[in-house]
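The next block holds one structure in the form of structure tokens; read it before the comments.
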Amino acid sequence: MDLRRQRRGIIFILSAPSGAGKTTISRAALERIEGLEPSVSVTTRVPREGEIDGVDYHFVSDAEFTRLLAADQFAESAVVFNARYGTLREPVERAIEQGRDILLDIDIQGARQLRPRYRADAVMIFVLPPSFAELEERLRRRGTEEEGEIARRLRRAHDEAIAYPEYDYLIINADIMQSLDQLRAIVEAERLKVARLTKDFVPWKP
Ligand code: 5GP
């Protein structure tokens, strides 16, 4: 008898103030940590160059977003930088049922909604840069925003950073490979928890 895959799937939630390097960590994790699948969010924001509908996001109109919300299709939803974002309920619940692990790159408002909803099946990980100066530099280096927008994002980043105590794990992202190793350690340990075993799990018999 094979004892593998007799557990519920895990919802790994990754949040960070913008500029902490969350996108880089989440991309690297999906490439390098075996068995971790992306969650494709729904958004009303316009696609950026190179983004693919159905892969990076499901890009929808405001009316369509409102319809999905009214039909209770979202596990969580939030407004971030003037656009609406939401995680569809069905794929998340299917993953938990089927013992597949997914990685959600979502903001703090969304994470706060998922926590009470999925409790033991959700693992919340927060990423911070090593210092506020580092965060400011990363935001500026990105070079896509003007000064007023940078100041606004910095204020917001500071407000977000203080939310870390609501999370289960904190990764200080000084080095991407080290952060990835830490994330892998979290994923592997969480996968081994006895509490995740399905009710019909029985150890092998002689
Ligand atoms: P971006 O538009 O740059 O891809 O994402 C902007 C912010 O929205 C990021 O902080 C990202 O984590 C967050 N975000 C992306 N998808 C979702 C989602 O489905 N729900 C929530 N609450 N936030 C999301």
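General observations
- Selection count, region 159-191, where residues are under 12 Å from Ala20 (Cα atoms) and of a type in the set (D, E, K, R): 2
- Some residue of region 1-14 being open to solvent by 30 Å² or more (accessible area, probe 1.4 Å), in contact (Cβ under 8 Å) with a residue 12 or more places away in the chain and within 14 Å of the ligand (Cβ to nearest atom): no
- Selection of first residues in region 33-48 that are near the ligand (Cβ under 10 Å from one of its atoms) and of second residues that are in a loop (DSSP other than H, G, I, E, B), restricted to Cβ pairs under 6 Å at least 6 apart or on distinct chains, gives the following pairs, ordered by first then second residue: Val42/Val60.
- Test: Arg27 is within 13 Å of the ligand (Cβ to nearest atom), open to solvent by 10 Å² or more (accessible area, probe 1.4 Å) and assigned to a strand (DSSP E or B): no
- From Glu137, Glu188, residue being more than 15 Å from the chain's Cα centre (by Cα) and modelled with pLDDT under 95: Glu137
- Every test in (1) open to solvent by less than 90 Å² (accessible area, probe 1.4 Å); (2) more than 26 Å from Ala120 (Cβ to Cβ); (3) within 23 Å of the chain's Cα centre (by Cα) is passed by Ser179 save one, and that test is (2).
Rundown of residues vs (1) within 9 Å of the ligand (Cβ to nearest atom); (2) closer than 19 Å to Leu36 by Cβ; (3) assigned to a loop (DSSP other than H, G, I, E, B), yes/no style:
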site: Glu76; (1), (2), (3): yes, no, no
site: Val79; (1), (2), (3): yes, no, no
site: Tyr85; (1), (2), (3): yes, no, no
site: Arg94; (1), (2), (3): no, yes, no
site: Leu104; (1), (2), (3): yes, yes, no
site: Gln113; (1), (2), (3): yes, no, no
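- If only residues of region 164-175 that are hydrophobic (A, V, I, L, M, F, W, C) and at pLDDT 95 or above are counted, the one that is surrounded by the most Cβ atoms within 10 Å (Cβ to Cβ) is Ile171.
- Selection within region 63-107 - in contact with a Lys or Arg (Cβ under 7 Å, 6 or more places away or on another chain), without any contact (Cβ under 8 Å) to a residue 60 or more places away in the chain and open to solvent by less than 50 Å² (accessible area, probe 1.4 Å): Phe65, Phe74, Ala75, Ser77, Ala83
- The single condition among (1) of a type in the set (Val, Ile, Thr); (2) open to solvent by less than 50 Å² (accessible area, probe 1.4 Å); (3) more than 8 Å from the ligand (Cβ to nearest atom); (4) within 24 Å of Arg152 (Cβ to Cβ) that Val60 does not satisfy is (4).
- Meets criteria (farther than 13 Å from Ile106 by Cβ, of a type in the set (Val, Ile, Thr) and assigned to a loop (DSSP other than H, G, I, E, B)) for Val46: yes
The values are calculated or read from the model by the stated rules, or taken from the named source; none is laboratory data. Predicted model, so just to flag it, every value in this text is computed and none were measured. Using ideal geometry, Cβ is built from the backbone for each residue, glycine included, and neighbour counts are taken over all protein chains shown. Just the protein is used for accessible areas: all its heavy atoms, side chains included, with ligands, DNA and RNA removed. Shrake-Rupley method; radii C 1.70, N 1.55, O 1.52, S 1.80 Å.
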